[in-house]
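Derivation of every value follows stated rules applied to the coordinates shown; laboratory data play no part. Please read these numbers as outputs of a predicted model, since none were measured by experiment. When we count neighbours, we look across all protein chains shown, and the Cβ atoms used for this are built from the backbone with ideal geometry, even at glycine.
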Amino acid sequence: MDAPARYRVGEFDIAVVSDGHIRLDGGAVMGLTPRILWEPIIGRENIDESYRIPLGLNCMVIRRGSDVVLVDTGMGNKVPAAVRERGYPGDYGYLLDGLAALGIRPADVTAVANTHLHADHCGWNTIRKDDGALVPTFPNARYYIQAGEFEAATHPNDRTKGAYFPENFEPLQGSGQLTLVDDEFQVAPGVHFLPTPGHTNDHASIVVASGGETAFYTGDLVHHAVQFERPVWTAAFDILPLVNIETKKRLIERAIRERALLVCVHNAFPGVGRLTQQDGRRTFVPE
């Protein structure tokens, strides 16, 4: 397990905590981009015999005062073996260990914010008890989810239903801990959602702003930071690829202007860096 990576943004302590990684088809991750272009970036050594590539499961913890905000919760530990082997192979389920390394118990988390509800972003929202009951993992937290995303997850269509696992979010309604929000809702002072549609219609990133400094947790706006460098590269998973491109362009401009810290969920841990631009060429510089 990777030790948490720690950063400072104004008055906030930020940590990136790994839930491990999954392996998905490289062509699906890079969409219409030819393999000859993306393979040198991923590295042939990272591509397995089935042409799957590793995707990190980088979650973020934001702390200031009594606020402990967890952004996305990885794959979790509830994935059945058959589903894991067929659809979500990898090595994961480490989020709680990473939180413990920071001295954070599940009961200490005050808020959970999901960028969207695909299975690899909300798995630890809930746990299965020994008697089979599903309960929220973080008993004292409010769970914040965009209302449109929750609607899409609870009423999926033929294309999207395989990406949503109801056990990750439906129990939150019964516990009374779920808050459905719209647009730039403030999760805690200095921490708010930023609508970033494209991957899903109601996908939202998280912004941390303090003391003139900014950090963005980008969710699945990109599946690899190279898609910030080349915004026309989109994943086959993006429901609205043309919208995704325009959304990325707007965030790219702001990230460069504000020298923002970017937390990329699926890059190799910790997936943190900044965008620079010179002579019209953008570069993601890891930190």
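The table that follows gives values for the structure above.
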item: Qualifying residues in the stretch 171-193 (those that are buried (at least 16 other Cβ atoms within 10 Å of the Cβ) and in contact with a Leu (Cβ under 8 Å, 6 or more places away or on another chain)) - the one farthest from Thr214 (Cα to Cα); result: Pro171
item: Residue within the stretch 203-210 that is over 16 Å from the mean Cα position of the chain (by Cα) and in a strand (DSSP E or B) present; result: yes
item: Residue in the stretch 239-253 that is part of a helix (DSSP H, G or I), within 11 Å of Leu275 (Cβ to Cβ), touching a Ser or Thr at 6+ places or on another chain (Cβ under 7 Å) and charged (D, E, K, R) present; result: no
item: Subset of the stretch 194-227 [surrounded by fewer than 19 Cβ atoms within 10 Å (Cβ to Cβ) and over 26 Å from Thr283 (Cα atoms)]; result: Asn201
item: Scope the stretch 172-188; condition within 20 Å of Val68 (Cβ to Cβ), in contact (Cβ under 8 Å) with a residue 12 or more places away in the chain and outside any strand (DSSP E or B); matching residues; result: Leu172, Ser175, Gln177, Phe185
item: Any hit, the stretch 36-54, residues being within 15 Å of the chain's Cα centre (by Cα) and within 19 Å of Ala204 (Cα to Cα); result: no
item: Scan of the stretch 57-75 for residues that are surrounded by 13 or more Cβ atoms within 10 Å (Cβ to Cβ) and out of contact with any Cys (no Cβ under 8 Å at 6 or more places or on another chain), ordered by number; result: Leu57, Cys59, Met60, Val61, Ile62, Arg63, Arg64, Asp67, Val68, Val69, Met75
item: Residues of the stretch 95-121 satisfying the condition of being β-branched (Val, Ile, Thr) and buried (at least 24 other Cβ atoms within 10 Å of the Cβ); result: Val112, Thr115
item: Search result, residues across the stretch 76-126 that are of a type in the set (Asp, Glu) and under 30 Å from Asn157 (Cβ atoms); result: Glu85, Asp120
item: Helices (runs of 4 or more DSSP H) (entirely within the stretch 1-111) containing at least 3 residues that are within 29 Å of Thr214 (Cβ to Cβ); result: 35-42, 95-101
item: Contacts under 8 angstrom Cβ, first residue in the stretch 95-110 being touching a residue at least 24 places away in the same chain (Cβ under 8 Å), partner of a type in the set (Phe, Trp, Tyr) and assigned to a helix (DSSP H, G or I), 6 or more apart; result: Leu95/Trp124; Leu96/Trp124
